[in-house]
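Asker: My structure is below; once you've seen it, I'll send some questions.
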């Protein structure tokens, strides 16, 4: 239990797309305090111009991810006590995305890549058809289920060094979305998905560093999903040749 | 930067090299005993069609494999892209092929 | 030095694979050049091969065999991960690849000395 007088030493990155630097703040420690609470306290009590993004505060919306001590995390579900280095914690905007201001990044490239990866539903039926029953225990459905809890927080995208080095690379979240749709019995166009993830920035660029899987706050496994896409694209190549 | 084609080429050359590498390591462990001499190496390899095919396919596979691997490093670490990247990839591949082919010829030709 | 988001076993496996591959690729031209001396200048090839008696060269050779072995076993792990049914034990497999590489290159070293 921390007393009310205890203070955290918080370094927050301040700046915009032109550059910036860390600035230090003192924040009173509290029980059950999240990193987002700390950032909010600074904005509400020290500097109202601090920009950051959040919405639900319960780990559902995926908008509050930031680099905490150099590691991407969902700040609303990260207890500051768990990441404190002594009394210190640093908070920075997500890697691999352009900064708008302070802790708020431009998520456009991240979401654009979802579409590029074939991450839109390709309908197999019209509204007039009866609803197709899906066996929840089928292998494909079980595989699709492993990826559907993604909250688009971009933690995996920020963790991935392949994204850093290769601007075209679609990234773990978008590829996992493609893998989910590929395994969805209600998606009508699996080959379109495989083609979308086989281009210059596709799944084949992944080096299986596994940072995506390690840091995913919902404990999803994009590395496994991308391996699945590699396998599916390779087998489809041999099938098509026949 | 690595499309399906290059990825498959990288993996297929790796699969080809897997048994060749094991063989190469086994030969090294065997040959290094009591030191190396040119006569010993050439005595084993000269005039052997088998060694020519073994090391010949090794050289072809490794030239492609290394060129693709270096291509990835050039792009991800040194931000080389577009035409320059293709030129680098092919140059590396051709240089390794030429040097490797010459080496294989040197130790297997009679 | 290693940034926090990289400080985990599979990232180390990645960097080991990349650096071993880079090292081998840079070594290849020298390797090929030396062997082609058999054709052009057999005496100087023997001169180079005699260098291998130097303990430092033996350690360097061990290093090269380790690079080859660790790239080999690490590559097998990656291809198994991508093309065989999924295994969740990637960290153990990566550690196993390094151990196997030490075993092979250690065997080579013991034969060399």
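Computed from the coordinates by the stated procedures, all read-outs in this text should not be read as laboratory data. Keep in mind it's a predicted model, so treat the numbers as computed, not measured. Using ideal geometry, Cβ is built from the backbone for each residue, glycine included, and neighbour counts are taken over all protein chains shown.
Asker: Kindly state, to the nearest 0.05, the FRET efficiency for residue C:79 paired with residue C:51, given R0 = 35 Å and r defined as their beta-carbon distance.
Answerer: 0.45
Asker: If you don't mind, there's one more thing I want to ask. Give the relative contact order (percent, whole number) for the range A:108-239; include only Cα pairs under 8 Å separated by 6+ residues.
Answerer: Relative contact order of the range A:108-239: 32 percent.
Asker: I've got another one for you. Find the relative contact order for chain A and round it to a whole percent, using C-alpha pairs within less than 8 Å whose residues are 6+ positions apart.
Answerer: Computed value for chain A: 17 percent relative contact order.
Asker: Report D for the protein assembly as shown in µm² per second (integer): Stokes-Einstein, Kirkwood Rh on Cα pairs, 25 °C, 0.890 mPa s.
Answerer: 98
Asker: Let me ask another. Compute the angle between helix C:55-83 and the longest alpha-carbon principal axis of chain C, please, reported from 0 to 90 degrees and rounded to the nearest 10.
Answerer: So the helix axis and the longest Cα principal axis differ by about 40 degrees.
Asker: Suppose R0 equals 35 Å. What FRET efficiency, 1/(1 + (r/R0)^6) with r the Cβ-Cβ distance, do residue C:2 and residue C:58 give to the nearest 0.05? Kindly include the intermediate steps, with their values, before the conclusion.
Answerer: Working: r = 30 Å, r/R0 = 0.87.
With R0 = 35 Å, the Cβ-Cβ based efficiency is 0.70.
Asker: Take the range A:7-105, drop everything but the C-alpha atoms, weight them equally and run the Debye formula without solvent; then report log10 I(q)/I(0) at 0.13, 0.20 Å⁻¹ to two decimals.
Answerer: The calculated log intensity ratios at q = 0.13, 0.20 Å⁻¹ are -0.38, -0.95.
Asker: Would you mind calculating the gained length between residue A:9 and residue A:192 on full extension (0.36 nm times residue separation, minus the Cα-Cα distance), in nm to one decimal?
Answerer: Extra length from residue A:9 to residue A:192 when fully extended: 60.8 nm.
Asker: State log₁₀ I(q)/I(0) for the range C:12-112 at q = 0.22, 0.23 Å⁻¹ as given by the Debye formula over alpha-carbon point scatterers of equal weight, solvent excluded.
Answerer: At q = 0.22, 0.23 Å⁻¹ the computed log10 ratios are -1.13, -1.18.
Asker: Mind ordering A:114-125, A:50-61 by average Cβ neighbours within 10 Å, highest first?
Answerer: Result, highest mean Cβ count within 10 Å first: A:114-125, A:50-61.
Asker: Please arrange C:48, A:157 by how many other C-beta atoms lie within 10 Å of their C-beta, fewest to most. Before the final figure, lay out each step's value.
Answerer: On the way: C:48 16, A:157 27.
Final ranking by Cβ density, sparse to dense: C:48, A:157.
Asker: Taking every residue in A:31-40, how many Cβ atoms of other protein chains lie within 10 Å of its Cβ, on average?
Answerer: Mean shielding by partner chains, rounded to a whole number: 0.
Asker: Just rank C:83, A:179, A:13, fewest to most, by other beta-carbon atoms within 10 angstrom. Before the final figure, lay out each step's value.
Answerer: Working: C:83 14, A:179 27, A:13 17.
Ranking C:83, A:179, A:13 by Cβ neighbours within 10 Å, fewest first, gives C:83, A:13, A:179.
Asker: On to the next question. Would you calculate the volume per residue, in Å³, of the smallest convex hull containing every Cα atom of the range C:1-44?
Answerer: Output value, Cα hull per residue: 79 Å³.
Asker: By how many degrees, 0 to 90 and rounded to 10, does the Cα axis of helix C:90-112 deviate from the longest principal axis of chain C?
Answerer: Its long axis makes an angle of about 20 degrees.
Asker: How many Å³ per residue does the convex hull of the Cα positions in the range B:4-108 occupy?
Answerer: About 114 Å³ per residue, rounded to a whole number.
Asker: Could you list the residues of the range A:155-183 with an amide nitrogen less than 19 Å from a label point located 7 Å from the Cα of residue B:3 in the Cα-to-C-beta direction?
Answerer: Correct set: A:166-171.
Asker: Now, a different point. Rounded to a whole number, what is D in µm²/s for the range A:36-164 from Stokes-Einstein with the Kirkwood radius over alpha-carbon pairs (25 °C, 0.890 mPa s)?
Answerer: Numbers: Rh = 17.2 Å.
The calculation lands on 143 µm²/s.
Asker: Would you compute, from DSSP H runs of 4+ residues alone, the mean residue ellipticity of the protein assembly as shown at 222 nm, taking -39500 (n - 2.57) per run and dividing by the full residue count, rounded to the nearest 500?
Answerer: Mean residue ellipticity, 222 nm, calculated: -19000 deg cm²/dmol.
Asker: Can you give the angle from 0 to 90° between the axis of helix A:35-45 and the longest principal axis of chain A, with both taken from C-alpha atoms, to the nearest 10?
Answerer: 50
Asker: Taking all pairs of different Cα atoms in chain A, averaging 1/r and flipping that mean, what Kirkwood radius in angstroms comes out?
Answerer: The Cα-based Kirkwood calculation yields 19.5 Å.
Asker: When the convex hull of the C-alpha atoms of the range A:108-239 is computed, what volume per residue in Å³ does it have?
Answerer: Cα-based convex hull of the range A:108-239, divided per residue, equals 111 Å³.
Asker: If you don't mind, another one. Per residue of B:102-110, count partner chain C-beta atoms within 10 Å of its C-beta, then hand back the mean as an integer.
Answerer: 5
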